1. Just for region 106-127: of the residues that are closer than 17 Å to Ala25 by Cβ and in contact (Cβ under 8 Å) with a residue 40 or more places away in the chain, which one is farthest from ligand 1 (Cβ to nearest atom)?
2. Mind checking whether some residue in region 85-105 is more than 16 Å from ligand 2 (Cβ to nearest atom), closer than 19 Å to Glu29 by Cα and in a helix (DSSP H, G or I)?
3. Taking Ala130 as the residue in question, decide whether it is over 23 Å from Ala30 (Cβ atoms), more than 14 Å from ligand 1 (Cβ to nearest atom) and free of Cβ contacts under 8 Å to residues at least 40 places away in the same chain.
Amino acid sequence: MAIERTLSIIKPDATRRNLTGRINARFEEAGLRIIAQKRVWLTLGQAQTFYGVHRARPFFAELTAFMASAPVVVQVLEGEGAIAKNRDVMGATNPANAAPGTIRKDFALSVGENSVHGSDGPETAADEIAFFFSGLELVG
Ligand code: ATP
Ligand code: MG
């Protein structure tokens, strides 16, 4: 399988609870390399742009207000099949449905406050990485 890059976000519910290191350990234990990382506090407008694909969904206002409610850690993960592997490590969107040992099963508070974001395909990964990072910041 090819080496891929994916965009990950450690969400406000997790940064508030000081879980950045424990979540990063899950990525590294799965063979994903954190090749770029920074802590940022999104404005509501930035959160709305980032999650624009969900604009028509009933949870859009709740989701974007949450994402702008506290700092997040945005990061690029690299590895073999990194996009799917990261989603495996994250677990299902709703922690009630997430498999044992996944980040969301172990840390998420609810379907909305679910601790992590991960790109869902190669095109969104490229777009989401470019949203947060310049090429100069990606050191594989
Ligand atoms: P993400 O895109 O954050 O990695 P995902 O791909 O598993 O998560 P999506 O369907 O893309 O899930 O939803 C984006 C985010 O919107 C979810 O991670 C969650 O924070 C929020 N969300 C999704 N469904 C609901 C819901 N029913 N109620 C509240 N928030 C929701
Ligand atoms: Mg998604």
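Each reported figure results from applying straightforward, stated rules to the coordinates on display, with no laboratory input. Please read all numbers here as calculations on a predicted model, not as lab measurements. Counting neighbours? That spans all protein chains shown, and the Cβs are built from the backbone with ideal geometry, glycine included.
1. Taking region 106-127 first, the residues closer than 17 Å to Ala25 by Cβ are 106-108, 115-116, 118.
Subsequent filtering for residues that are in contact (Cβ under 8 Å) with a residue 40 or more places away in the chain retains 107-108, 115-116, 118.
Values: Phe107: 13, Ala108: 9, Ser115: 9, Val116: 7, Gly118: 5 Å.
Selected residue: Phe107.
2. yes
3. Details: over 23 Å from Ala30 (Cβ atoms): yes; more than 14 Å from ligand 1 (Cβ to nearest atom): yes; free of Cβ contacts under 8 Å to residues at least 40 places away in the same chain: yes.
Yes: the conditions hold for Ala130.
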